[in-house]
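One structure is given here, and the rest of the page talks about it.
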Amino acid sequence: MNPPSATADRADGSPGRVHPTDEELLARVLAPYKPHCEYLKSAEVTAADGLSSARCAFAIGESCYIDDTGHLNSVEINIAYNQMMYYLVAKSVKERLLTGFEEWTLDDFWRHQLPDILIARFTAGFRRPIDPRSFTGEMEFRSVTRRASGTGGPFLHARTAFRYRDAHGGRSDGEATLAFVNIA
C-alpha cells in the first residue's frame with residue numbers, strides 16, 4: 001500500500017499535492033525496458049491546477065549501448081525522459097491529476113504507452129557533466145491541449161520541461177513536445 005499524499009511545492013514552486021512513488025505502477029511502466037535499461041528508481045508526482053510534475057531519482061550502472069563515458073549523455077537523457085514521462089502520465093491518469101486525460105483509465109495508458117505517445121520535439125542542453133550513477137530529474141507538464149489533425153484525427157498536444165542534476169553540480173535542462181495520437 002502506498003503512503004498517503006502530502007502537500008508540497010511543485011517543481012515550478014506552486015503548491016500541490018505530492019503522491020509518493022507507487023512501486024507497482026513504476027514496475028509496470030518500466031516493464032517494456034530491458035532490465036539494464038531501467039534507470040528510473042523513484043518518482044514523486046505533484047499536481048496543481050490540472051497540470052502535474054515529477055521529481056525523480058535515477059541510477060545508470062552501465063550504459064545500455066556504449067562503453068563508459070563517465071558522464072550522462074544525450075541518449076541516456078532521452079531514455080530517462082521517456083521513463084519519467086511514462087510514469088508521470090500513468091500516475092496522473094491513475095490519480096486523475098492531468099488536464100486532457102480525465103477520461104483515460106490505466107488500461108488506456110497501457111494500450112497507448114508505446115505506439116501512441118510520440119516525442120514530436122526534444123531539446124536538451126548540458127551546462128555541466130552529470131554523473132549517471134546517481135542523479136535526479138524533474139519534469140513538468142506546462143500545457144495539454146486537444147487538437148485535430150486533418151488526416152490523423154484528434155490528438156493531445158503537450159508541452160513539457162525537464163531538468164537533471166547531480167550532487168556535484170552537473171546540470172542539464174530541456175523541453176519536449178509530446179503528441180498523444182489515436183485517442184479518438
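Before moving on, here are some points about what is shown:
- With K and R counted +1 and D and E -1, the other residues having a Cβ less than 9 Å from that of residue 177 yield a net charge of +1.
- Residues of segment 125-141 with an amide N closer than 17 Å to a point placed 7 Å from the Cα of residue 159 along the Cα-to-Cβ direction: 139-141.
- The simple spin-label model puts a point 7 Å past each Cα toward its Cβ; for residue 120 and residue 143 those points are separated by 1.1 nm.
- Accessible area of segment 44-184 belonging to carbon and sulfur atoms, whole % at 1.4 Å probe: 47 percent
- Segment 103-184: relative contact order in percent, alpha carbon pairs under 8 Å with at least 6 residues between: 37 percent
- The chain, dipole about Cα centre (Lys/Arg Cβ +1, Asp/Glu Cβ -1), debye to the nearest 20: 400 debye
- With both labels modelled 7 Å from their Cα along Cα-to-Cβ, the residue 108 to residue 37 distance reads 2.7 nm.
- Tilt relative to the chain, helix 74-95 - C-alpha long axis, 0 to 90 degrees, to 10: 40 degrees
- The chain, helix-only ellipticity at 222 nm - DSSP H runs n ≥ 4, -39,500 (n - 2.57), divided by all residues, nearest 500: -6500 deg cm²/dmol
- Spacing of the modelled spin labels on residue 78 and residue 48, each 7 Å from Cα toward Cβ, amounts to 3.3 nm.
The values are calculated or read from the model by the stated rules, or taken from the named source; none is laboratory data. Owing to the predicted nature of the structure, the values given are computational and were not obtained by experimental measurement. With ideal geometry, Cβ positions are generated from the backbone for all residues, glycine too; neighbour counts draw on all protein chains shown. Side chains are part of the model used for accessible areas, which takes the heavy atoms of the whole protein and leaves out ligands, DNA and RNA. Shrake-Rupley method; radii C 1.70, N 1.55, O 1.52, S 1.80 Å.
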